[in-house]
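Working notes, beginning with the structure itself.
The values are calculated or read from the model by the stated rules, or taken from the named source; none is laboratory data. Please read these numbers as outputs of a predicted model, since none were measured by experiment. Neighbour counts are summed over all protein chains in view; Cβ atoms, including those assigned to glycine, are modelled from backbone coordinates with ideal geometry.
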Amino acid sequence: MKKIIVWFRKDLRVHDNPALWEAAQQGMIIPVFIWSEEEEHENTSNLVGQWWLHHSLIALKKKLESIGLSLIFRRGSSLKELSLLCKQTKADAVFLGERYEPSIIRRDNAITQNLFSNGMEVRSFPSNLLFVPGDLLNQKNEPYKVFTAFWKRTMGESVNRPLPIPVDINPFNQVLPSLQVEELDLLPVNRWNEKFHPHWEPGEKGAITRWEKFTDDGLSRYVEGRDIPSSDSVSLLSPHLAWGEISVRAIWYSAKRLNETETGEYMQSSIDAFLRQLVWREFAYHQLIHFPEVLQVPLREKFTAFPWQGSNEEFAKWQKGLTGYPLVDAGMRELWQTGVIHNRVRMVVASFLVKHLLISWVEGSSWFKDTLIDFDAANNAMGWQWVAGSGIDAAPYFRIFNPVLQSQKFDPEGLYIRKWVPELAVISSKYIHEPWKAPTNLLHESGIVLGKTYPLPIIDHSLARIRALEAYAQVKNKS
């Protein structure tokens, strides 16, 4: 019987796992996870991501044991460890799920060539997207550069149905050398990561539970509630999707079934809006495949000459949530405490960094990479380029979010701000969005001393807008 190594990567689940499914149909399964921090430096080597990975691997190990498989843990060079495992087991093949980060593609190509040259069969399977990123081209046989056109195209494409959990598993019964999860050293020495435990349950079970809760309680209100940061109308599936703990195809078909069975225009519009977000995620990978420079370089070439002006001091205040703009500060503090940031607020804080402070989107992207528990290279880069106006389908350069108006519109009672900026918790809703306008006596009664207990605005919005438009005009004129 064929012996097949199933190399788990960012597909940490047993349902709709094509590599695992195909291996189960063909032979004995040897499941392995290899941690190589050097190879993952641009993708998943941040500490919050490693905290998630640690607990997700524990969950995966238990899940595989429940179907008769023992997950092997290795650490170091992926090629070296795979080659060693092939020799130890006399394996015939290596099956794996595809990844699309540029450095990982280069690594995987080198590994594949090496294993092929040594007589190994290597097969990769699309596992974490609805569509194969390179397959969807426009009528000119070119990559789509506008999301609306991409969205319309996907509506005419079929999505492969998710695969079930394999049965009749044939495990490789020889005892093999394996590290314990703890020996991968994914957790930091200090215990700061414990702050994430109340917010998350990493692993396949946690992902499915999260999806079920969302379909029961949040999906029906998604079309409007998704923009309200204090609402529970968002799925919070992003870290589970980032690690492949839940199949996006399973989510797609589950949502489609709800669309067929639920009545009411409002529910259907919410489902459509959610599906559109899944396709937006696809569009990010579409860009990463066709324009791998998206991670670091403006896709609109003229933006390479943008006159960035911000200081390190201003950047540090943005990082810490000390800008003096409550919605921005709430978002940055939510990010630090939970590893995620509400999508509406994510756009506001990104716009503030780029257009109010004139600090490069690359700096913001790097900070998000270090702090997001749901970090995804494609999504992160596309989001920042969209905000900066330098992407292929980006927000207009003159679209500069007013953090006060955004706060008043989407957090009118200040519920989100009160949660994450507790020093403003007792101030009235009228002034919580711009406390510098509050009467002195009200500030005193609220225990607020601007500049001490809470900072004054780091920059005036009106002046920042004028300065940003002037900077963008320089780029436009040069082009």
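On the basis of being surrounded by fewer than 22 Cβ atoms within 10 Å (Cβ to Cβ), within 21 Å of Arg107 (Cα to Cα) and among the aliphatic types (A, V, I, L, M), does Leu47 make the cut? No.
There is at least one residue in the stretch 72-82 that is surrounded by 20 or more Cβ atoms within 10 Å (Cβ to Cβ), modelled with pLDDT of 95 or more and under 21 Å from Trp21 (Cβ atoms). Taken over the stretch 371-386, the criterion of being part of a loop (DSSP other than H, G, I, E, B) and either over 21 Å from Arg333 (Cβ atoms) or not assigned by TED's automatic domain parsing to the domain that holds Ile448 (or both) is satisfied by Asp376 alone. Would you mind stating whether Leu335 is within 27 Å of Leu53 (Cβ to Cβ), among the aliphatic types (A, V, I, L, M) and crowded, with 24+ Cβ neighbours inside 10 Å? Yes, satisfied.
Across the stretch 384-400, the qualifying residues are those that are under 17 Å from His290 (Cβ atoms) and surrounded by 23 or more Cβ atoms within 10 Å (Cβ to Cβ), and the one among them that is farthest from the chain's Cα centre (by Cα) is Ser390. Close contacts from the stretch 99-120, counting a first residue that is part of a loop (DSSP other than H, G, I, E, B) and a second that is surrounded by 12 or more Cβ atoms within 10 Å (Cβ to Cβ) and among the hydroxyl-bearing types (Ser, Thr, Tyr), with Cβ to Cβ under 7 Å and a gap of 6+ residues or different chains, come to Tyr100/Tyr285. Residues in the stretch 24-34 include at least one that is surrounded by fewer than 20 Cβ atoms within 10 Å (Cβ to Cβ) and closer than 22 Å to Pro162 by Cβ.
Screening Asp16, Asp11 for residues that are touching a Ser or Thr at 6+ places or on another chain (Cβ under 6 Å), among the charged types (D, E, K, R) and within 22 Å of Glu182 (Cα to Cα) leaves exactly one candidate, Asp11.
Take the residues in the stretch 232-268 that are β-branched (Val, Ile, Thr) and assigned to a loop (DSSP other than H, G, I, E, B); name whichever of them is nearest to Leu219 (Cα to Cα).
Checked the stretch 232-268; the qualifying residue nearest to Leu219 (Cα to Cα) is Val234.
Scanning the stretch 338-386 for residues that are among the small types (Gly, Ala, Ser), closer than 20 Å to Asp227 by Cα and touching an Asp or Glu at 6+ places or on another chain (Cβ under 8 Å) yields one hit, Gly339.
Any residue at all in the stretch 387-402 that's closer than 30 Å to Ser429 by Cα, free of Cβ contacts under 8 Å to residues at least 60 places away in the same chain and not in a loop (DSSP other than H, G, I, E, B)? Within the stretch 387-402, one or more residues are closer than 30 Å to Ser429 by Cα, free of Cβ contacts under 8 Å to residues at least 60 places away in the same chain and not in a loop (DSSP other than H, G, I, E, B).
Somewhere in the stretch 61-68, is a residue within 23 Å of Lys205 (Cβ to Cβ), among the small types (Gly, Ala, Ser) and under 28 Å from the mean Cα position of the chain (by Cα)?
Looking only at the stretch 61-68, we keep the residues that are within 23 Å of Lys205 (Cβ to Cβ), and these are 61-68.
Those still in the list that are among the small types (Gly, Ala, Ser) too: 66, 68.
Filter again for under 28 Å from the mean Cα position of the chain (by Cα), leaving none.
Within the stretch 61-68, not a single residue is within 23 Å of Lys205 (Cβ to Cβ), among the small types (Gly, Ala, Ser) and under 28 Å from the mean Cα position of the chain (by Cα).
Just a yes or no: is a residue in the stretch 143-157 farther than 20 Å from Arg281 by Cβ, surrounded by fewer than 16 Cβ atoms within 10 Å (Cβ to Cβ) and either among the polar types (S, T, N, Q) or in contact with a Leu (Cβ under 6 Å, 6 or more places away or on another chain) (or both)? No, the stretch 143-157 contains no residue that is farther than 20 Å from Arg281 by Cβ, surrounded by fewer than 16 Cβ atoms within 10 Å (Cβ to Cβ) and either among the polar types (S, T, N, Q) or in contact with a Leu (Cβ under 6 Å, 6 or more places away or on another chain) (or both). Considering the stretch 1-97, the qualifying helices (runs of 4 or more DSSP H), each wholly inside and each with 3 or more residues that are outside the structural domain of Phe368 (by TED's automatic domain parsing) and of a type in the set (S, T, N, Q), run over 47-66, 78-89. Scanning the stretch 309-348 for residues that are under 20 Å from the mean Cα position of the chain (by Cα), more than 12 Å from Trp420 (Cβ to Cβ) and not in a loop (DSSP other than H, G, I, E, B) returns Gln319, Asn343, Arg344, Arg346, Met347, Val348. Output the residue which, of all residues in the stretch 84-120 that are among the hydroxyl-bearing types (Ser, Thr, Tyr) and over 26 Å from Val14 (Cβ atoms), is surrounded by the most Cβ atoms within 10 Å (Cβ to Cβ). Of everything passing the filter in the stretch 84-120, Ser103 is surrounded by the most Cβ atoms within 10 Å (Cβ to Cβ). Quick one: in the stretch 158-200, which of the residues that are exposed (fewer than 11 other Cβ atoms within 10 Å of the Cβ) and polar (S, T, N, Q) is modelled with the lowest pLDDT? My answer is Asn190.
Suppose we keep only residues that are among the polar types (S, T, N, Q) and not in a loop (DSSP other than H, G, I, E, B) within the stretch 172-224. Which one would you say is nearest to Ser238 (Cα to Cα)?
This residue is Thr209.
Taken over the stretch 122-142, the residue count meeting the criterion of being in contact (Cβ under 8 Å) with a residue 12 or more places away in the chain and either under 20 Å from Asn379 (Cα atoms) or surrounded by 20 or more Cβ atoms within 10 Å (Cβ to Cβ) (or both) is 9.
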